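Here's the structure we're looking at; comments come further down.
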Amino acid sequence: MKASERPIGVFDSGLGGLTVFRELRAQLPGENLIYFGDTARVPYGTKSAEAVIAFSREITGFLLEKKIKLLVVACNTASSLALDEIRKVSPVPVLGVILPGVEAALAAAPAGGRILVTGTSATVNSRAYSKALAAAGARVRVLEKACPLFVPLVEEGWCSKAVAADVAREYLAPFRKKKIDALILGCTHYPLLKKIIAKVMGPRTRIVDSAHAAAASARAELAGRRLLNPGRRGRCEFIVSDAPERFSALAFRLLGIRTGKVAVKRF
Ligand code: DGL
């Protein structure tokens, strides 16, 4: 197999990373993609850093056996807590989703503006976004809010139920008056709740996520290494650590992705 034909590996704790997968598919249609969802261990956002690092290393090892040419960590929690550790064990380039999210937020918020970072408890406690925004020299005020019930709502497929709107109001209504210019969906599950979140925040706030910028950085990384696979018909393979039929049904219902048969890999 030519180096450029090797697949891109993408992983998340569950369904959320499919929001990044969808964008990779749109921007890089010729690429062969392998998506891994750690459905046996979702959610990651309430786990310790040690656990998230151990899971991420296992999945990385598994995807490396599949001869990937690039790894996209389509999970903010793993990107916040485990990116350095993943890079230590990976001979192929590894991209996370924090920097792309920062890029998207800075494009949406003016200098001196306010950015609200939403994410899992682990991501918010790690302050990965605040640190990355500071490192980017951003002159913005950063507020952060963990929204731990969002991931189970999405994994249950309850993205447009009244209960999801109630939960979003509970977490975010207090920020509506705070003149937020951009809200970062700092968890790859959250774009599936975007409409509900936008409604709570009101028209002033731009809602941004990392998917578009993450796919653009994957393209740039591959182009820089002359590893782009041209064409329009890359193969896609889906693997989960549990309940493949459930994953397949929700991928179609929530994102319109037809997975075909989903394989299972247990650790
Ligand atoms: N989608 C992941 C993230 O971006 C993980 C959510 C979770 O498993 O708690 O943080």
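Computed from phi, the 3J(HN,Hα) profile of segment 22-39 under the Karplus parametrisation 6.51, -1.76, 1.60 (θ = phi - 60°) reads 4, 6, 4, 4, 5, 8, 10, x, x, 6, 7, 10, 10, 9, 10, x, 8, 5 Hz, with x in place of Gly and Pro.
When C159, C236 are compared by accessible area of protein heavy atoms, the largest-first order is C236, C159, using a 1.4 Å probe. Extension gain for V264-R226 works out to 10.5 nm (0.36 nm per residue, less the C-alpha to C-alpha distance).
Name all residues of segment 136-159 having a backbone nitrogen under 17 Å from the label point set 7 Å from the Cα of A198 along its Cα→Cβ direction, giving them as ranges. So the set is 159.
Given a 1.4 Å probe and the protein chains as shown, E23 ends up with an accessible area of around 50 Å². Across segment 162-179, rounded Karplus estimates of 3J(HN,Hα) from the backbone phi angles (6.51 cos²θ - 1.76 cosθ + 1.60, θ = phi - 60°) give 4, 5, 5, 5, 4, 5, 4, 5, 4, 6, 10, 3, x, 8, 4, 7, 8, 6 Hz, Gly and Pro being marked x. Projecting the Cα atoms of A135, V94, P7 onto the charge dipole of the chain (Cβ charges, centred on the Cα centre) puts A135 farthest toward the positive pole. Taking every alpha-carbon pair in segment 108-185 and binning the separations at 10 Å intervals from zero gives 18, 45, 29, 8 percent.
Across segment 2-19, rounded Karplus estimates of 3J(HN,Hα) from the backbone phi angles (6.51 cos²θ - 1.76 cosθ + 1.60, θ = phi - 60°) give 5, 4, 5, 7, 5, x, 8, x, 9, 9, 8, 5, x, 7, x, x, 5, 5 Hz, Gly and Pro being marked x.
Here the accessible area is traced with a 1.4 Å probe on the protein chains. For segment 135-255, carbon and sulfur cover 52 percent of it.
Computed with a 1.4 Å probe over protein heavy atoms only, the accessible area of E156 comes to about 90 Å².
In a reduced charge model with +1 at each Lys and Arg Cβ and -1 at each Asp and Glu Cβ, segment 201-267 shows a dipole moment near 220 debye about its Cα centre.
Rounded to the nearest 20 debye, the dipole size of the chain about its Cα centre is 700 debye, using +1 on the Cβ of Lys and Arg and -1 on the Cβ of Asp and Glu. Near the amide H of C75, within less than 5 Å, lie the amide hydrogens of V97, all on another chain or at least 5 residues away, with H placed in the peptide plane. Ordered from longest to shortest, the equivalent ellipsoid semi-axes for the chain are 28, 21, 17 Å, each the square root of 5 times a Cα gyration tensor eigenvalue. Taking the inverse of the mean 1/r over every pair of distinct Cα atoms in segment 156-258 gives a Kirkwood hydrodynamic radius of 16.5 Å.
The values are calculated or read from the model by the stated rules, or taken from the named source; none is laboratory data. Since the model is a prediction, treat every value here as computed from it, not as a measurement. Glycine gets a Cβ as well: all are built from the backbone with ideal geometry, and neighbour counts include every protein chain shown. Note: accessible area is taken over every heavy atom of the protein model, side chains too, but ligands, DNA and RNA are not part of it. Shrake-Rupley method; radii C 1.70, N 1.55, O 1.52, S 1.80 Å.
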